[in-house]
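One structure below.
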Amino acid sequence: MHTGFLLLALLTLASAGAAMCLRNLVHCALCVAISFVSLAALFLTLDAEFVGFAQILVYVGAVAILIVIAILLTRDISGHGQSLVFKPWTLGVGVGALVAGSLVSAVTSSAFTHRELPPAPAATVRQLGESLMTTYVVPLEIIGLLLTAALLGAVLLARRENEGGGRS
Amino acid sequence: MTTLQSYLILSALLFSIGLAGALTRRNAILVLIGIELMLNAANLNFIAFWRYGPHPEALTGVMFALFSIGVAAAEAAVGLALIIAIYRHYKTANLDKVTTLKG
Amino acid sequence: MNDLLVMGLEAAVLVAGLAVLLLDLWTPPAEKRNLGYAAAIAVGAILLASFAIVLPRPLAAFGGMFVLDEFALFFDRFFLLAALLVLVISVEFADRFETGVAEFYALILFALAGMMFAASANDFTLLFVSLELITVTFYVLTSFQRRQTQSLEAGVKYLILGALSSAFLVYGIALIYGTAGTMSFTRLAEAAPAVLDSRLLQTGLLLVLVGLGFKIAVVPFQIWAPDVYQGAPTPATAFLAVGSKAAGFVLLLRVLFTAVPALGPRWSRLLIVLSAVTILYGVLCAIPQRNLKRLMGYSSIANAGFLLLGVATLSRDGVSAVLYYLGGYLFTVLGAFAVICVALRHTEGEDIPALAGLHQRSPLLAATLAMAMVSLAGVPPLAGFFGKFLLLKSALMVAGDQPALYVLVAVAVVGVVISLYYYFGVIRAMYWPAEPVEQGHLPPIQLSRPLRWSLLLCIAGMLWLGVLPGMVVNLANLAAQTLLP
């Protein structure tokens, strides 16, 4: 169990780090997909099967594919240079390290985080579905609306300009 | 056995990697990838807190993770569509070239 | 079934939004613009219906996740009125979109629904999804003029910084959930005092503040505001300035006073510092601006600082003053953006000197913009003056317990004095330009009837809240009371 966690954790961090450091955008997309998959595996070790599969379906199946398509369409493979927020890259890495340090120290200072794994809860898909349709029905509806808005927006924004006049 | 702490530290590191990437990379697609990693780190927190928490039957953490996955997908869709539209105009997805608004 | 009735207003807005999308299919292209008026009428009807709601006690639905109390109702009406005016401005702007006019209206209604859900959110799940609904729709609204590089640039900046702040927000919520074991504000209020010393909880709350601070445009999360205000289509900017900012404040107030009331005293220093820095940044950066929309961006940052002053008092009077100030801000800013939308298409460029001679071309436009500037500057007798007066008064009333508030009040007064300079610069450019324009050189500007009524409504609102504040003060007090009994 523990070695399994260590391996998955290392794989997640290494592929995430590679995705953020590599020069070739296609390699970055591949690495981030690996990171998404190993996170899904971590969700499985935490007995959250449904979220694990949703993670694979949405992140690997949709987001990673979208990223690859965007890379192909923008034909902009090289990803080095300056950034929007911080001009020198050292500052960005510094902020990242600072956040990492403060988060990790906050985690280690909290006693309750030493908790051992309790027995597995019986969270069936049926229970998930029931609470999605009762307590969580409002957020679910809002997510539906949000996806509609995003779909509308994505179509409007990415449509070719010469189709501008008419509606196909 | 793995403790809750190991999951939380993993998630904190993943969050920071994503943040550092989003702050330093110039290509808009990479910035979005960094932000997706940060959201993933948060999801790992939700699942870990839910699994180790006192009331796993309430499903709160799992629900939030599902909603967060949905939101991330929507954000990615709009974001990448916008990047494609930007590319049509500037012939680049690099953010330091996209600077007409100043003052 | 009863639960659904509690969210009737939101449901009605949703139905209206989807109806606009459906009607678009059968509307001939020449008539599509007018769908905006249909949407505005629907929003107006929902606004009127909201005054029929009588709440003897707060209603909760969906396991306490969604609440309908006086506070939520105040903001529901606020958002509905804002959306009504924004829709009228959008119709004026519609001919500049080649496609997707109906979608623009529908997205405004979707964002409106998100804001109304945010007003009723009593749980971090609902807070998150409603905030994301607002944010994602605004990504699209901001970049809607996709042939204009400015609009696209505004969109990508808003998207990247917005997504970054959402990531902080989600991570913060995760930490709060982990330490307190709940996401419901009501249960968090019971659980929080025991774990308030946990650094994990404090980090979580701080990250949530980052996420909300971005919406409100508080320093240091304001960097997007000037660029986005300048580049976005004017109706989108107007809605961003009023609706999105107010939604951020609704959630901030709920989190601070309902979810973790014990946190307030610990954060009062932080809030005071943020407020002072935001006011100073906004007014100082606004001075050299020439672009009118960009000026409004900096002005909105300064106003976020003033509003935060009311929050930092942590008193019922402070919250009530925030609500009142937002009410005046609605009429003032939407009036200004309505003028900007119409006037700037008849001028060359968006720079302030281009407004020269506006009072000859359209006295109503010039008068509205002048009054909006006077109100923003906080000069009596308009809404902005009374709002600032209430904010400062509420701060002075509790300053005995928190002496740092005296400093903040002094900073705010200095900010008001500096802001006089650039607000009156706009008025001078209209009435007494540096280079006088020749008579008859400029054709008069025709105004459509709905726009004329909207401008008159904004003027009336500014005067009403400035001269006869009683009714809105009562409403604001009532709303603040549900938050801080």
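The values are calculated or read from the model by the stated rules, or taken from the named source; none is laboratory data. The model shown is predicted, which means the values in this text are computed figures rather than measured ones. Positions of Cβ are generated from backbone atoms using ideal geometry, with glycine treated the same way; all protein chains shown enter the neighbour counts.
With respect to A:D47, determine if the residue is modelled with pLDDT of 85 or more, within 7 Å of chain B (Cβ to nearest Cβ) and not in a helix (DSSP H, G or I).
Judged against the criteria, A:D47 is a match.
Restrict the check to the stretch C:329-349 and report whether at least one residue is in contact with a helix residue (DSSP H, G or I) (Cβ under 6 Å, 6 or more places away or on another chain) and among the basic types (K, R).
no
Condition first: in a helix (DSSP H, G or I) and surrounded by fewer than 17 Cβ atoms within 10 Å (Cβ to Cβ). Now tell me which residues in the stretch C:462-476 satisfy that. Steps first, answer last, please.
We begin by selecting, within the stretch C:462-476, every residue in a helix (DSSP H, G or I); these are C:462-467, C:470-476.
Within the stretch C:462-476, C:L463, C:V467, C:G470, C:M471, C:N474 meet the criteria.
Let me confirm something: among A:G4, A:G17, which residue is free of Cβ contacts under 8 Å to residues at least 24 places away in the same chain, assigned to a helix (DSSP H, G or I) and small (G, A, S)?
Values: A:G4 fails: free of Cβ contacts under 8 Å to residues at least 24 places away in the same chain.
Unique residue meeting the criteria: A:G17.
For the stretch C:1-118, list the helices (runs of 4 or more DSSP H) that sit wholly inside it and hold at least 2 residues that are touching a Pro at 6+ places or on another chain (Cβ under 8 Å) and in contact (Cβ under 8 Å) with a residue 24 or more places away in the chain; which are they?
Helices (runs of 4 or more DSSP H) meeting the threshold: C:35-50, C:70-93.
Would you check which residues across the stretch B:73-97 are closer than 26 Å to A:L57 by Cβ and within 7 Å of chain A (Cβ to nearest Cβ) and list them?
As a first pass, look at the stretch B:73-97 and keep what is closer than 26 Å to A:L57 by Cβ: B:73-84.
Scanning the stretch B:73-97 gives B:A73, B:A74, B:A76, B:A77, B:V78, B:L80, B:A81, B:L82, B:I83, B:I84.
How about the stretch C:114-148: which of its residues are within 7 Å of chain A (Cβ to nearest Cβ) and among the aliphatic types (A, V, I, L, M)?
C:L126, C:V129, C:L133, C:V136, C:V140
Between residues in the stretch A:57-69 that are at the interface with chain B (Cβ under 7 Å from one of its Cβ atoms) and over 17 Å from A:S15 (Cβ atoms) and residues that are modelled with pLDDT of 90 or more and assigned to a helix (DSSP H, G or I), which pairs lie under 6 Å by C-beta distance while being six or more apart or on different chains?
A:V58/B:I69; A:V58/B:A73; A:A62/B:A73; A:L66/B:A76; A:L66/B:L80
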